[in-house]
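Okay, so here's the structure we're looking at.
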Amino acid sequence: MNRDALNALDQAVAIARERAGDRPAIVGVAGPQGSGKTTLVKAYAAFHPRTAHFSLDDVYLPAAYRRLIAQSVHQLFTTRGPPGTHNLTLLNETLDELIEANDGAQVILPAFDKVADNPVHSSHRPVFHGKPNVILVDGWCLGAAAQTEAELAAPINNLEVQKDKDGVWRKEINENLAGAYQLTFGRLDAILNLQAPSFAIIHDWRCEQEEGLLNRDLTETDRLRVGLFVQHFERITRHMMSGGRRADIDVQLDAHRNVTEIKRVG
């Protein structure tokens, strides 16, 4: 991650510190899949040792729990990612523990094994030692605003046309986003948003991520599978890209994730 992005995150941290007062500042780093959120957060933490960090991806619900939601609400909830598939209780409890930590504390951070599609056992999760100055949380939909009923009416991709004709899935996601997720987002003292140059590039970025995860080149079948997976995120991602989000610092990226503009919002 380049220096410009780190400087932008420095700005977001400074805003958060002003708002947080005496407690550790909490900063969200948002952006679409593959935009470099986690890379940026880890790079910042490497330069600032008293920075605790974890991802929204680390608090996904177990696969079995998501299957129960799929059975009772809608089949698409088997796929992790959209609002309604995260353990927000764990996220908030982790924030509470980090905020209350003293110099001798050992806070077990959440972690999720994407290959196994289940949370990592607590004995193998990372541990933050001591009292943090800053807490960074990265996540693709941090700060996203809920949509209106009119915006939800028409499907926006083949997944919604074929699997969510009546809109049950997207409406349930939206209700989650409007409720518990907004309460959690409200705990973030500042949000930095990484802005992709187009929605189309996100498929390529996600494929690069998948290659790293699988440690091999993707086949054409793999790329089609990734394309289907990205459609689960498309509605909220497009909504955020068009302004349906809260952010304090916007970072515009090009196709190679280079920073082309940094703008303070509001």
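The numbers here are math on the coordinates, done by the rules we state, and not lab data. The model shown is predicted, which means the values in this text are computed figures rather than measured ones. All Cβ positions, even for glycine, are placed from backbone atoms using ideal geometry, and neighbour counts span all protein chains on display.
Listing for the model above:
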| item | result |
| --- | --- |
| Normalised contact order of the stretch 3-254, rounded percent, pairs of Cα under 8 Å and 6 or more residues apart | 29 |
| Shape of the stretch 170-266, Cα gyration tensor, a/c cut at 1.5 | oblate |
| Point-charge dipole on Cβ atoms (K/R +1, D/E -1) for the stretch 149-266, about Cα centre, debye to 20 | 220 |
| Stokes-Einstein D in µm²/s, Kirkwood radius over Cα pairs - the stretch 199-255 at 4 °C with 1.567 mPa s viscosity | 101 |
| Where N is the number of residues in the stretch 84-233, Cα Rg divided by 2.2 N^0.38 Å | 1.23 |
| 5 Å binning of all Cα-Cα separations within the chain, expressed as whole percents from 0 upward | 1, 6, 12, 17, 19, 18, 14, 8, 3, 1, 0 |
| Pairs beyond 29 Å (Cα-Cα), from 114/171; 171/263; 37/171; 42/165; 42/114; 165/263 | 171/263; 42/165; 165/263 |
| Inter-centroid distance (Cα atoms) of the stretch 239-266 relative to the stretch 197-234, Å | 21 |
| Dipole-positive endmost among 6, 74, 194 within the stretch 3-254 (Cβ charges, Cα centre) | 74 |
| Simple Cβ-charge dipole of the chain, Lys/Arg +1 and Asp/Glu -1, about Cα centre, in debye nearest 20 | 60 |
| Value of Rg/Rh across the stretch 4-64 [Cα atoms, Kirkwood radius] | 1.01 |
| Percent of beta bridges antiparallel (DSSP, the chain, rounded to nearest 5) | 40 |
